[in-house]
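Enquirer: Take this structure first; my questions come after.
The values are calculated or read from the model by the stated rules, or taken from the named source; none is laboratory data. Values in this document were obtained by computation on a predicted structure and should not be read as measured data. Positions of Cβ are generated from backbone atoms using ideal geometry, with glycine treated the same way; all protein chains shown enter the neighbour counts. To get the accessible areas, we keep the full protein, side chains included, count just its heavy atoms, and leave off ligands, DNA and RNA. Shrake-Rupley method; radii C 1.70, N 1.55, O 1.52, S 1.80 Å.
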Amino acid sequence: MTQIPPQGVATVGTATAATAMAAPPPMPAAAARVPTFAVVAGDTEEACAGRAAIEAAYATVPPETAEVIVALGGDGLMLETLHRFMDRDVPIYGMNCGTVGFLMNEFRVEGLDQRLADAVPATIYPLLMRAYTVDGTEHRALAINEVSLLRETRQTAKLRILVDDIERQPMLIADGALVSTPAGSTAYNLSAHGPILPLRAGVLALTPISAFRPRRWRGALLADTATITFEILEPMKRPVSAVADYTEVRDVRRVDVARDPARELTLLFDRGHSLEERILREQFEP
């Protein structure tokens with residue numbers, strides 16, 4: 001007896017129509033577009049040689065029109081490059097030709113175009129420092145790593161600290177204090193025994209530098225929406241300077257520090273070696 005297939009199902013030989021009409025294999029994903037890029041380098045022999053090798057292997061463009069800036073050097077050169085191109089809103093991809101290179105990728109000429117196409121972005125938010133000197137002058141500067149206050153002489157600094165206009169530390173006697181971003185928390189902040197901050201934690205580190213009084217105060221974690229104010233006590237007798245990354249203002253009497261809401265900076269990292277992963281890994285280093 002011939003079997004009648006169920007209603008709605010046809011047969012093709014021994015296969016059903018559903019099998020015969022199987023979906024075609026998926027199309028391969030399109031390769032990511034390689035961005036145009038420019039190369040900037042530090043003044044070391046290694047960085048200059050790296051720049052020459054890259055420019056010989058690839059068609060680079062001027063920094064003013066590039067979609068990505070490739071920076072060759074160490075972390076200092078990366079900070080300089082971020083400041084230099086801050087108003088262009090262009091991503092920076094660093095390759096280490098320096099000493100530490102925490103913010104840098106591995107230097108390698110081969111495959112650079114594809115590495116740029118596949119790179120993972122990390123967004124960082126700089127701090128705005130407003131420093132007022134004893135003569136009444138206001139100075140403004142941006143910091144990607146930290147804003148630090150440092151004594152200028154053998155005399156310790158005396159600082160009053162307010163957070164959002166509320167006094168939190170009536171008198172810190174120390175070599176100074178700093179406010180660090182997450183991106184900068186593994187730099188000077190860590191050397192001053194401050195905490196390492198996850199990149200997306202939404203906090204800033206307030207860290208004393210060689211505190212004498214109060215002895216047990218180790219600093220604070222603050223929301224990245226907070227405004228931190230330092231008032232210098234006895235500014236003439238105990239002069240203090242304020243430093244935003246590498247911009248120094250001497251003889252300050254008051255310093256306000258807050259995240260700059262109008263600025264977002266983008267770093268690019270190789271997949272599997274993101275800035276967030278590096279910050280996490282740093283917390284488990286011996």
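Enquirer: What's the extension gain from Arg216 to His273 if we count 0.36 nm per residue and subtract their Cα-Cα distance?
Expert: Roughly 16.9 nm would be gained on extension.
Enquirer: Tilt of helix 75-84 relative to the longest C-alpha principal axis of the chain, in degrees (0 to 90, nearest 10)?
Expert: 90
Enquirer: Using Cα atoms only, what is the angle between the long axis of helix 45-57 and the major principal axis of the chain, expressed in degrees (0 to 90) to the nearest 10?
Expert: 30
Enquirer: Right, next: Ranked from highest to lowest mean number of other Cβ atoms within 10 Å per residue, what is the order of the peptides 162-169, 128-135, 279-286?
Expert: 128-135, 162-169, 279-286
Enquirer: Quick one: accessible area per residue over the chain, 1.4 Å probe, rounded to a whole number of Å²? Before the final figure, lay out each step's value.
Expert: On the way: 15440 Å² over 286 residues.
Here the per-residue accessible area is 54 Å².
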